[in-house]
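Structure record follows, encoded as structure tokens.
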Ligand code: NAD
């Protein structure tokens, strides 16, 4: 009998990590789930809590609090570990701390003989994904970040609501940095088979540009508003990570705007940034280069520059 178990290792059992784990349990995403956290007691407690739901789930998942050597047989390692920003602490200081945290995580994972796909959620996600790739020495096609996958899901929800269409029939992307410089290439946004811009044109003013601009602003600022209301965001990102994991384990060739290493695509290189990619068991099977208008290309280049500047700053900080 073939016993090829689909194993996922989750590093970082906080709000994001456990929302992801809970989504996986409910959707029977894998056969084995290993929980790792610097706070071992927390990982043990989370494993117990999830296991107590098994009797009511469709899943036969084996869940345990494990060690880095469990990564050896993993198909996917997901990282949502990180330190929270302290009051008065700069974004730059936080990044420096998270870089040190990642060094302590990536080394034992690679030493275990892990040969699967890295999926990173820790913020700033584009930079932490690049760091994961650099530290692991993995082929960049096997290192992806959640990028703007969640932002694109937020866009599909808001646009679907506005146009009274199921978000699953909205094909629109947020690209660029997962952060303030992200943007929506409206020239590529579709509802079913019709472009959003032509829907606007034919709507006799029922739909308008001002509203699209306010949707874009709502997408960009969603995290700030959720954090203000409930201190952290986790369900949406948990669902996004689960969906991407399913695409990898199921060899789906589904498209998500993940953070991927550009090597000439969009005229950029040496930067991990959110772009639509075909995801399957190889990780990033292909980066899709959508055609951008001149203005959209300028926004994309500005977003890449922002990321490159932050990486250079972080590398300087770490070398001191
Ligand atoms: P959290 O504080 O609840 O959890 C972080 C966990 O990481 C904690 O359990 C902590 O013990 C663990 N940890 C810290 N250092 C570790 C180490 N060295 N080894 C192993 N585990 C370690 O935080 P959260 O709300 O779960 O957020 C986690 C990360 O996800 C943050 O960086 C957050 O900004 C990010 N996030 C990303 C997105 C996205 O779209 N990419 C969305 C929301 C949150």
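Would you please put 170-180, 293-303 in order of how densely packed they are, using the mean number of other Cβ atoms within 10 angstrom per residue and starting with the highest?
170-180, 293-303
Where does helix 294-319 land angle-wise versus the long Cα axis of the chain, in degrees 0 to 90, nearest 10?
30
Would you kindly give the portion of the calculated P(r) for region 148-213 that falls above 21 Å, as a percent of all Cα pairs? Write down the numbers at each step before the final one.
On the way: 371 of 2145 pairs.
Taking all Cα-Cα pairs of region 148-213, the fraction more than 21 Å apart is 17 percent.
Once the Cα gyration tensor of region 176-238 is found, what semi-axes does its equivalent ellipsoid get, as square roots of 5 times the eigenvalues, in whole Å, sorted largest first? The partial results should precede the final answer.
On the way: eigenvalues 153, 33, 25 Å².
Ellipsoid semi-axes (Å, largest first): 28, 13, 11.
Could you please tell me the mean projected area of the C-alpha convex hull for region 93-134, averaged over all directions and given in square nanometres to one decimal? Mind dumping the intermediate values first?
On the way: hull surface 11.2 nm².
Convex hull of Cα atoms, orientation-averaged projection: 2.8 nm².
Could you run the Debye sum over the Cα atoms of region 117-161, one equal point scatterer each and no solvent, and tell me log10 of I(q)/I(0) at q = 0.18 Å⁻¹, two decimals?
Here log10 of I(q) over I(0) equals -0.54.
Principal axis extents for region 197-320, Cα atoms only, whole Å, descending order, please.
56, 39, 38 Å, listed from the longest principal axis down.
When DSSP assigns beta bridges and you keep just the ones with both residues in the chain, what percent turn out antiparallel, to the nearest 5?
Numbers: 21 of 41 bridges.
The antiparallel proportion sits near 50 percent.
Quick one: Debye curve from the C-alpha atoms of region 52-154, no solvent, what's log10 I(q)/I(0) at q = 0.14, 0.23 Å⁻¹?
These q points yield log10 I(q)/I(0) values of -0.64, -1.20.
Please work out how much length the chain gains when fully extended from residue 49 to residue 313, using 0.36 nm per residue of separation minus the C-alpha to C-alpha distance, in nm with one decimal.
Values: separation 264, 0.36 × 264 = 95.04 nm, distance 4.10 nm.
Stretched out fully, the residue 49 to residue 313 stretch lengthens by 90.9 nm.
Reported to two decimal places, what Rg/Rh ratio describes region 1-69 when computed on Cα atoms with Rh from the Kirkwood expression?
Numbers: Rg = 11.5 Å, Rh = 12.0 Å.
That ratio equals 0.95.
If each residue of separation counts as 0.36 nm, what is the full-extension length gain between residue 302 and residue 168 once their alpha-carbon separation is subtracted? Intermediate results must be reported in sequence, preceding the final value.
Numbers: separation 134, 0.36 × 134 = 48.24 nm, distance 2.98 nm.
Full-extension gain reported as 45.3 nm.
Rg(Cα) of region 1-121 divided by 2.2 N^0.38 Å? Write out the running numbers ahead of the final one.
Working: Rg = 15.0 Å, N = 121, 2.2 N^0.38 = 13.6 Å.
Against the compact-globule rule of thumb, the ratio is 1.10.
So what is the diffusion coefficient of region 135-279 in µm² per second by Stokes-Einstein at 10 °C and 1.306 mPa s, using a Kirkwood Rh over Cα pairs? Don't jump to the answer; show the numbers that get you there.
Values: Rh = 16.2 Å.
The estimated diffusion coefficient comes to 98 µm²/s.
Provide the three semi-axes, in whole Å and in decreasing order, of the ellipsoid equivalent to region 223-273 as defined by the square roots of 5 times the Cα gyration tensor eigenvalues.
On the way: eigenvalues 140, 74, 9 Å².
Semi-axes from the Cα gyration tensor: 26, 19, 7 Å.
What does the convex hull of the alpha-carbon atoms of the chain project to on average, in nm²? Before the final figure, lay out the partial values.
Numbers: hull surface 71.0 nm².
Over all viewing directions, the chain projects a mean Cα-hull area of 17.8 nm².
Every read-out reported here was derived from the displayed coordinates using simple, explicitly stated rules and does not represent laboratory data. Predicted model only: the values in this text are computed from it and were never measured. In this analysis, Cβ positions are derived from the backbone assuming ideal geometry, glycine residues included, and neighbour counts consider all displayed protein chains.
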